[in-house]
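Step one of this worksheet: look at the structure below.
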């Protein structure tokens, strides 16, 4: 068993599930989406990204690219949330929809990452 693949797979799938948990719910009701879950999704995505940095294969490059996309979109989502809370002091349903939409884009990137990880694992030979 490859312990590095187990740990890497753990963080890739955990990033996906945390991201899904944040996105799941009514798009226009931000009270149903936890800011702590968004922060956890960002942290786990960043950990998964750093774990993909050492892979020098073509598949590793694509996996790293999907992680960068997810990181950027989740960080943008948090910045929109924080910026609107500070500067507007009231989060409108349109801003809430923007926050959730950015996180949903990261969810798609995480889904692609999981499928690529599974495909890479299936191609490995013993």
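Derivation of every value follows stated rules applied to the coordinates shown; laboratory data play no part. The structure presented is a predicted model; accordingly, all values stated were derived computationally and were not measured. Don't worry about glycine lacking a Cβ; one is built from the backbone with ideal geometry, like all the others, and counts go over all protein chains shown.
Compared with the dominant Cα axis of the chain, that is its longest principal axis, helix 93-123 is turned about 10°.
Centre-to-centre separation between the Cα atoms of segment 83-126 and those of segment 9-47: 8 Å. Full extension of the chain between residue 56 and residue 68 gives 2.7 nm of extra length, using 0.36 nm per residue less the Cα-Cα distance.
For the chain, modelled as a Gaussian network with Cα springs under 10 Å, which listed residue fluctuates most, 39, 59, 51? Highest fluctuation of the listed residues: 59. Model label points for residue 20 and residue 123, set 7 angstrom from Cα along the Cα-to-Cβ axis, are 2.4 nm apart.
When the helices of the chain are scored as -39500 (n - 2.57) per DSSP H run of n ≥ 4 and the total is divided over every residue, the value at 222 nm lands at -27000 deg cm²/dmol. Applying 1/(1 + (r/R0)^6) with R0 = 30 Å to the Cβ-Cβ distance of residue 27 and residue 87, what FRET efficiency is obtained, to the nearest 0.05? Approximately 0.85, to the nearest 0.05.
Straightening the chain between residue 101 and residue 10 buys 30.3 nm, computed as 0.36 nm per residue apart minus the Cα-Cα spacing.
Axis angle, to the nearest 10 degrees, between helix 35-52 and the longest C-alpha principal axis of the chain: 30 degrees.
Relative to the longest principal axis of the Cα atoms of the chain, helix 3-23 runs at roughly 20 degrees.
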